[in-house]
Structures are given as structure tokens and as C-alpha cells.
1. Take P107 and decide whether it is modelled with pLDDT under 90, assigned to a loop (DSSP other than H, G, I, E, B) and surrounded by fewer than 10 Cβ atoms within 10 Å (Cβ to Cβ).
2. For the stretch 141-168, which residues satisfy the criterion of being surrounded by fewer than 17 Cβ atoms within 10 Å (Cβ to Cβ), more than 19 Å from the chain's Cα centre (by Cα) and part of a loop (DSSP other than H, G, I, E, B)?
3. Kindly establish whether D84 is within 30 Å of G159 (Cβ to Cβ), touching a strand residue (DSSP E or B) at 6+ places or on another chain (Cβ under 9 Å), of a type in the set (D, E) and modelled with pLDDT of 75 or more.
4. Would you say I183 is modelled with pLDDT of 80 or more, within 22 Å of P62 (Cβ to Cβ) and not polar (S, T, N, Q)?
5. For the stretch 75-104, give me each residue that is in a strand (DSSP E or B) and touching a residue at least 60 places away in the same chain (Cβ under 8 Å).
6. Residues of the stretch 154-170 being at pLDDT 90 or above and within 16 Å of F75 (Cβ to Cβ), which ones?
Amino acid sequence: MQGFAATKLNEFEQGKISRRTLIETLTLAVTTMCAANANAAQAAAPKGVKAALVNHVSYTCPDFKQAGDWYSKVFNLDQVGLKDTEVTLPFGKKGEQPYNVTAKDVPLTFIICRTRDLNAPPANGAAPRPKPTALINHIGYTVADFERNRVRDQLKALGVANVRDGGEYSLHMTDPFGYDVQISGLANNALTDV
């Protein structure tokens, strides 16, 4: 654009074009460039919502109490909001901020362990719950002071089943219902995990 403007200004100074033609030409060029930039920005704009955090994991299993006790023991989580068919386990205490977060308004992530009665009548006029066909292969949790060998020994001392290496920065284990759970250190991320 600068080269084009310089050429047109030079033509004006040499008397090849009028002042009016110079202004019209530069105005048209700038308008065209702005429109092109706006179209490019619209095309690059995100189409959906942008997830900022993991809010919670809803874990349906045969015995929510057994699962809640296991997750509470292994990850030192409190059990809150106990109901007839579920329990909630927040990562942290009420009023605490998530790890390394300075903002005061960031909610804690939590697990909800549930046992659903598939034969129960639908709630609020909804359709009956179908038998689940999709699954999450595993879930990974970050542990701030992760040191693989020390953590492996701690998990084995707790009686955790099937503790195994998950690469340099993580371990895998099996919860009471055979679900694969991964724990990772801060160094594990989308680029280092395999």
C-alpha cells in the first residue's frame, strides 16, 4: 500500500494526475484494503464458544460411593453435596483458588460420581435415559508436585491397582471399576503427552 500511495503522490507532484484524482484513488485504495482486512478478520473469527477451563467430570459408574471414596483417598478430595445417587468432589476447598490462578472469580473443577437408575422414570418430562454407548477413554489430572517414582510408591502404598508409567511426565492407574486414570506433572501438556 505504501508503494502504491508513493507512486500516486509522485504522479500528482509531476502534474500527471489532479488533486481530485489523487484523493479519490487513495480513498478507494484504503477503502478496498480495509474491506479486505475486515473480511479476513471475519473469516478467521472463531465459529464456536471458547472453552476456558474444565468445569467438571461427570462419572457414571456402578457404585458412586465406592468411586467417591477411591477418588477422595487417591487425590485427597473432600466429598460434598452427597445425594441419593451422587457425590461431588471439588479440586480444592471452598474459597480457594485453583492452582497458580490469581483471579478471584475462577471456579474450582470437580468430579461428580453418579450411579444412574436407567429404569427410573424420566425427570421433568425428558425422554428415558438410553443405555450409554459412548465413553471417555481416560481422564488425566494434574498434580503440582509430581515426581513419578515417589508418586508411584505413594499410589502403591494406598493399594491403587495397576499403576504403570505413562511416559516421562505421568502415570496411569485403574480405578475400582476398571476406568483408566492418568495423573501428570505440570510439565505434561498437549505437546509432551503421547
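The values are calculated or read from the model by the stated rules, or taken from the named source; none is laboratory data. Nothing here was measured: the structure is a model prediction, and the numbers come from that model. Cβ: placed from backbone, ideal geometry, glycine included. Neighbour counts: every protein chain shown.
1. no
2. Correct list: D145, E147, L158, G159, G167, E168.
3. Working: within 30 Å of G159 (Cβ to Cβ): yes; touching a strand residue (DSSP E or B) at 6+ places or on another chain (Cβ under 9 Å): no; of a type in the set (D, E): yes; modelled with pLDDT of 75 or more: yes.
When the stated conditions are applied, D84 does not pass them.
4. Against the criterion (modelled with pLDDT of 80 or more, within 22 Å of P62 (Cβ to Cβ) and not polar (S, T, N, Q)), I183 does not qualify.
5. none
6. Scanning the stretch 154-170 gives Q154, L155, K156, A157, L158, G159, V160, V163.
A quick yes/no check of all residues on (1) surrounded by 14 or more Cβ atoms within 10 Å (Cβ to Cβ); (2) under 18 Å from the mean Cα position of the chain (by Cα):
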site: Q66; (1), (2): yes, no
site: L77; (1), (2): yes, no
site: V80; (1), (2): no, no
site: T88; (1), (2): yes, no
site: Y99; (1), (2): no, yes
